[in-house]
Amino acid sequence: MPLFAVFTQQAPAGISADEFRHRLPEGFGYIQGLIDKGIIKHSWIVVGQSGGLNIYDVASHEELTDVLYGNPLASHLKLRVLPLSTPGGFDVEAFATRDLPDAGAEPAATTG
């Protein structure tokens, strides 16, 4: 299943910072539920950034959208989403040789 790294930062909209802090346990409870279900594989607090980093293992970006916006604090969070791939998902040889001319091909004509 696709993996996504999601950086989350506080961005209270329409509520005070104090109210956001009082509601923070709701968001943490929601995240803990996703960890318990195996949807979040890794979860960290990003020190000094008022946020966190979670690795989501979901079937699609639609499922990711559902779980991100299912958070009761979603409207008060800034999200940055990065799709991830395992090292085996990257063909180093194909990448390294993709722009090399084909050894058996005729040289390109030059104009002069």
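Results, tabulated for the structure shown:
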{"item": "Scope the stretch 24-57; condition touching a residue at least 24 places away in the same chain (Cβ under 8 Å) and open to solvent by 40 Å² or more (accessible area, probe 1.4 Å); matching residues", "result": "24, 26, 30, 41, 46, 49, 50"}
{"item": "Matching residues in the stretch 28-51 - criterion: being under 23 Å from residue 84 (Cβ atoms), of a type outside the set (A, V, I, L, M) and at pLDDT 95 or above", "result": "30, 32, 33, 36, 37, 38, 41, 42, 43, 44"}
{"item": "Which numbered condition residue 60 fails, given (1) open to solvent by less than 90 Å² (accessible area, probe 1.4 Å); (2) modelled with pLDDT of 95 or more", "result": "(2)"}
{"item": "Any hit, the stretch 47-62, residues being assigned to a strand (DSSP E or B) and among the hydrophobic types (A, V, I, L, M, F, W, C)", "result": "yes"}
{"item": "Filter result (within 15 Å of the chain's Cα centre (by Cα) and hydroxyl-bearing (Ser, Thr, Tyr)) within the stretch 32-52", "result": "43"}
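The values are calculated or read from the model by the stated rules, or taken from the named source; none is laboratory data. Quantities reported herein were computed from a predicted structural model and do not represent experimental measurements. Please note: Cβ atoms are built from the backbone with ideal geometry, for glycine as well, and neighbour counts cover all protein chains shown. The area values use the complete protein model at the heavy-atom level, side chains included, leaving out ligands, DNA and RNA. Shrake-Rupley method; radii C 1.70, N 1.55, O 1.52, S 1.80 Å.
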